[in-house]
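The values are calculated or read from the model by the stated rules, or taken from the named source; none is laboratory data. Only a predicted model underlies this, so the values are computations on that prediction, with no experimental measurement involved. Every residue, glycine as well, gets a Cβ built from its backbone with ideal geometry; the counts of neighbours run over all protein chains shown. The accessibility values were calculated without ligands, DNA or RNA, using every heavy atom of the protein model including side chains. Shrake-Rupley method; radii C 1.70, N 1.55, O 1.52, S 1.80 Å.
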Amino acid sequence: MESANTLRQGGECKGGVLAYLERLEAQMNRSSRKSEELTVHTKESSQRTKIHELRRQRDKLRAEVKRRQARIKASLDNEDPNRTVELSEQEDLARQWGNVKDILQAYRFTGLSGKLTSRGVCVCISTAFEGNLLDSYFVDLVMEKPLRIHHHSIPVFIPLERIATEYLQTDIQRFLFSLCEYLNAYSGRKYQTDQLETDFSAFLTGPLQRNALCNLLSFTYKVDQGHQTFSFSATLLYEDLTAALPTGVTVMCPGAETSSARWEEHRASHEMLFRTKPLHQVFASFSKQVEILDLSLVS
């Protein structure tokens with residue numbers, strides 16, 4: 001009887017402890033859930049606060065932008081339109097002056113140079129042919145709107161006005177380069193003609209005729225071939241004024257030698273030489289041929 005009571009008391013004690021532990025666990029779970037819910041609620045509240053603050057700053061910035069736009073518009077409405085045009089022209093002139101300086105700096109070793117003047121810039125164009133420095137020309141530019149040429153030393157037969165009309169206001173680099181092309185080609189043609197008259201005059205049988213632009217030449221000459229002398233008349237036409245070699249060549253014989261097959265061979269050969277080589281180099285080759293023939297006769 002006592003054993004049974006003891007077992008009942010032990011069972012009740014054991015059951016009470018388990019129930020107590022279960023209640024503690026349930027309480028802890030409820031506390032943990034409440035803590036998590038509180039943390040989530042706190043985070044959500046903090047995020048909502050940040051969102052409200054960001055929206056407030058956004059609205060403030062939008063309002064400030066609108067106020068500034070309104071002030072700028074009012075300022076533009078009240079501004080003198082002539083002053084606006086003047087500022088725009090000054091900015092355009094400053095840009096073009098910067099372009100000129102860049103061009104002169106980049107191409108100072110190719111014949112372009114310049115210096116500042118009270119009006120703008122004076123550009124110097126130095127010409128050359130086959131490494132020989134020739135004549136120099138200048139263009140005095142006034143840096144105002146529109147750009148204009150105050151003074152220059154460009155020969156009258158160079159189409160300066162046309163080049164300026166095409167490029168001066170829109171592309172200063174193209175204007176200078178185009179002018180360089182014409183001047184270098186003219187100086188090259190003139191140099192060749194001068195060399196022919198001074199260094200190879202012994203070949204000429206009459207005066208060399210040329211125009212101011214040196215793009216039309218006419219002359220007569222003779223070439224010795226062994227014991228025979230061939231006479232020729234030549235006309236050289238330079239239709240491309242930016243080129244130093246002719247575009248059209250005519251070589252003829254003033255006498256009755258035209259029926260000679262050998263003369264025709266020389267004539268065709270001379271035409272090809274005049275088309276492909278500078279004028280003085282052609283006569284230098286004639287001179288070498290004569291020297292070779294003389295040496296062969298001596299030996």
Residues of region 166-194 with amide N under 15 Å of the 7 Å Cα→Cβ point at Met143: 172-173
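What's the carbon and sulfur percent of region 112-187's accessible surface, probe 1.4 angstrom, rounded to a whole number?
That share works out to 52 percent.
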Expressed in nm to one decimal, what extension gain is obtained for the pair Ala128 and Gln47 from 0.36 nm per residue of sequence separation less their Cα-Cα distance? 21.4 nm
Inter-site label distance for Ala63 and Ala26 at 7 Å from Cα along Cβ, in nm: 5.6
Here the alpha-carbon Rg of region 189-297 over 2.2 N^0.38 Å rounds to 1.05
What number does region 112-187 give for Rg over Rh if you use C-alpha atoms and the Kirkwood radius? 0.96
Loop-only chymotrypsin sites (Phe, Trp or Tyr not before Pro) in region 156-220, please: DSSP not H, G, I, E or B, and at most 14 other Cβ atoms within 10 Å. Phe157
So with the 1.4 Å probe, I'd like the accessible area per residue for region 189-297, rounded to whole Å². 51
